[in-house]
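Here is the structure we will look at.
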Amino acid sequence: MGEQAEDIFSSFGLFKTEQDDFDIVLKKFNDLYVTIFERAQFIKLAHLDGETVNTFITTFYKLAEHCGYGVLHSELIRHRIVVDIRNKNLSEKLQLDADLTLAKVIERFRHNEVVKEQQEKLIEKCCKV
């Protein structure tokens, strides 16, 4: 398999009996690469133009579920949302909040979407007159 595979294999910390069990070794390699793929998807996710807040947030939760982030799960979702939202003004305001929680981010993000929709309706009504 090569030197790189041997380095990865030795990083698994398997007991001698486990090292000789093909199924255990294969599972370790598969788990490693599945986690890497899942984390790459999580990291690459971007807020698409026209995508609703709820869809964007739900996608982050679904992707983070399989990343193995443990106690950092909520913090990483919070950071990713703040960094990736399309509204850069909102992103900057959120970054200035020293007590920012995931719940606050979601609330402000949703509120911003509602206000934006209301503004569009007002402009639409104004222009029809």
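Only the coordinates and a few stated rules stand behind these numbers; no lab work does. All values derive from a computational prediction rather than experimental measurement. We place every Cβ from the backbone using ideal geometry, glycine too, and count neighbours over all the protein chains shown.
For the range 86-97, what does the Karplus curve 6.51 cos²θ - 1.76 cosθ + 1.60, with θ = phi - 60°, yield as ³J(HN,Hα) per residue in whole Hz, taken in order and with x for Gly and Pro?
5, 7, 5, 4, 5, 4, 5, 4, 5, 5, 7, 7
Suppose every K and R has +1 on its Cβ and every D and E has -1 on its Cβ; what is the size of the dipole of the chain about the Cα centre, in Debye to the nearest 20?
So the dipole magnitude of the chain works out to roughly 920 debye.
Which of the lysines could be linked to LYS27 by a straight reach, that is with a Cα gap under 19 Å, when you skip same-chain ones fewer than 8 residues away?
Once the sequence-local lysines are set aside, what remains near LYS27 is LYS16.
Would you mind working out the magnitude of the charge dipole of the range 45-117 relative to its Cα centre, with +1 at each Lys and Arg C-beta and -1 at each Asp and Glu C-beta, to the nearest 20 Debye?
In debye, rounded to 20, the range 45-117 gives about 40.
Please check: in the Gaussian network model of the chain (C-alpha springs, under 10 Å), which one of LYS16, LYS62, LYS88 has the largest mean-square fluctuation.
Result: LYS16 has the largest fluctuation of those listed.
Give me the aspartates and glutamates in straight-line cross-link reach of LYS88: C-alpha distance below 15 Å, same-chain residues under 8 apart excluded.
Filter leaves ASP49, ASP97, GLU113.
How about the range 98-129: which trypsin sites (Lys or Arg not before Pro) there are in a DSSP loop, with at most 14 other Cβ atoms within 10 Å of their Cβ?
Sparse-neighbourhood loop trypsin sites (Lys or Arg not before Pro): none present.
Which log10 I(q)/I(0) values, to two decimals, does the chain give at q = 0.17 Å⁻¹ under the Debye formula with one point per Cα?
So the normalised log intensities are -0.91.
Would you calculate, for the chain, the mean residue ellipticity at 222 nm contributed by helices, counting each DSSP H stretch of 4 or more residues as -39,500 (n - 2.57) and dividing by all residues, to the nearest 500?
The helix-only estimate for the chain comes to -23500 deg cm²/dmol at 222 nm.
Listed here are the pairs LYS62/LYS116; LYS62/LYS104; LYS44/LYS121; which of them are more than 23 Å apart at the Cα?
Where the Cα-Cα span goes over 23 Å, the pairs concerned are LYS62/LYS116; LYS44/LYS121.
Out of the GluC sites (Glu not before Pro) in the range 34-129, which ones are loop residues according to DSSP with at most 15 other C-beta atoms within 10 Å?
Here the GluC sites (Glu not before Pro) that fit, given the DSSP loop and packing criteria, are GLU51, GLU65.
Under a point spin-label approximation (7 Å from Cα along Cα-to-Cβ), what is the ILE43-LEU72 distance to one decimal in nm?
1.1
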